[in-house]
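Report on one structure; see the data block that follows.
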Amino acid sequence: MIRKLQLEELGRVDVDTFKNQPKHPVVLVLDNLRSAHNVGAAFRTGDAFAVEALYLCGITPQPPHKEIHKAALGATESVEWHYFEQTAEAIKLLKEQGYRIVGVEQTDSPTYLQDFRPAAEEKYAFVFGNEVYGLSEEVLPLLDMALEIPQFGTKHSLNVSVTVGIVCWHYWQHAFASKTP
């Protein structure tokens, strides 16, 4: 019979322990998101996958914010974050620090997610765009590659918070899953 684990059985660490534990070499860059709920969900996913940081850019809402807090469930306290007025500024900084810049966008030359094999020893910055317009035009020339999640319905778009979760899971699955107990 399957039994749901109790909170004390989950092995959760406190915020201070989390902040001091090793992180996966990943930064989530949010390029002009408009929804605070999506930002909060990105914080929560960032916590779940132990990313290094979130970079909130342009019009992207920042903590403290009621809707971010509601979706993040405290992850704004555990996940490091920085704000940049311009997404290009954040990406240039990440490039200087040796990150591979990976935009998640439908482009004329995508790498489909199932073909993307991240390396554990490489640093990645995954860039996610606005809910309506996608990645900013000035961001596209700065990308090292564009990832696309194949879709088969009529919309050909996923909510950005869902996309963050799918990309983080794929990254972890291919770069670190074999090393996790």
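Kindly provide the set of residues from segment 79-101 that are open to solvent by less than 40 Å² (accessible area, probe 1.4 Å), over 12 Å from L140 (Cβ atoms) and not aromatic (F, W, Y), ordered by number.
V79, A90, L94, listed by residue number.
Of the conditions (1) more than 17 Å from Q106 (Cα to Cα); (2) open to solvent by 20 Å² or more (accessible area, probe 1.4 Å); (3) part of a helix (DSSP H, G or I), H170 fails just one. Which one is it?
Answer for H170: the failing condition is (2).
What are the pairs, 6+ residues apart or on separate chains, where a residue within segment 145-164 that is modelled with pLDDT under 95 has its Cβ under 6 Å from a residue that is β-branched (V, I, T)?
none
Every residue in segment 138-163 that is closer than 26 Å to K95 by Cβ and not acidic (D, E), please.
Of all residues in segment 138-163, those closer than 26 Å to K95 by Cβ come to 138-149, 160-161, 163.
Result: V139, L140, P141, L142, L143, M145, A146, L147, I149, V160, S161, T163.
Condition first: outside any loop (DSSP other than H, G, I, E, B), over 26 Å from I59 (Cβ atoms) and touching a Leu at 6+ places or on another chain (Cβ under 7 Å). Now tell me which residues in segment 97-139 satisfy that.
Filtering segment 97-139 for residues outside any loop (DSSP other than H, G, I, E, B) gives 99-104, 111-115, 123-128, 130, 134.
After this cut, where a residue has to be over 26 Å from I59 (Cβ atoms) as well, the list is 111-115, 123.
Result: T111, L113.
What are the residues in segment 42-71 that are polar (S, T, N, Q) and either surrounded by 20 or more Cβ atoms within 10 Å (Cβ to Cβ) or touching a residue at least 60 places away in the same chain (Cβ under 8 Å) (or both), if any?
Of everything in segment 42-71, those that are polar (S, T, N, Q) and either surrounded by 20 or more Cβ atoms within 10 Å (Cβ to Cβ) or touching a residue at least 60 places away in the same chain (Cβ under 8 Å) (or both) turn out to be T45, T60.
For segment 77-109, which positions are in contact with a Cys (Cβ under 7 Å, 6 or more places away or on another chain) and touching a residue at least 60 places away in the same chain (Cβ under 8 Å)?
Answer for segment 77-109, where residues must be in contact with a Cys (Cβ under 7 Å, 6 or more places away or on another chain) and touching a residue at least 60 places away in the same chain (Cβ under 8 Å): just A90.
The values are calculated or read from the model by the stated rules, or taken from the named source; none is laboratory data. Computed from a predicted model, the values in this text were never measured in an experiment. With ideal geometry, Cβ positions are generated from the backbone for all residues, glycine too; neighbour counts draw on all protein chains shown. These area figures cover heavy atoms from the full protein model, side chains too; ligands, DNA and RNA do not enter into them. Shrake-Rupley method; radii C 1.70, N 1.55, O 1.52, S 1.80 Å.
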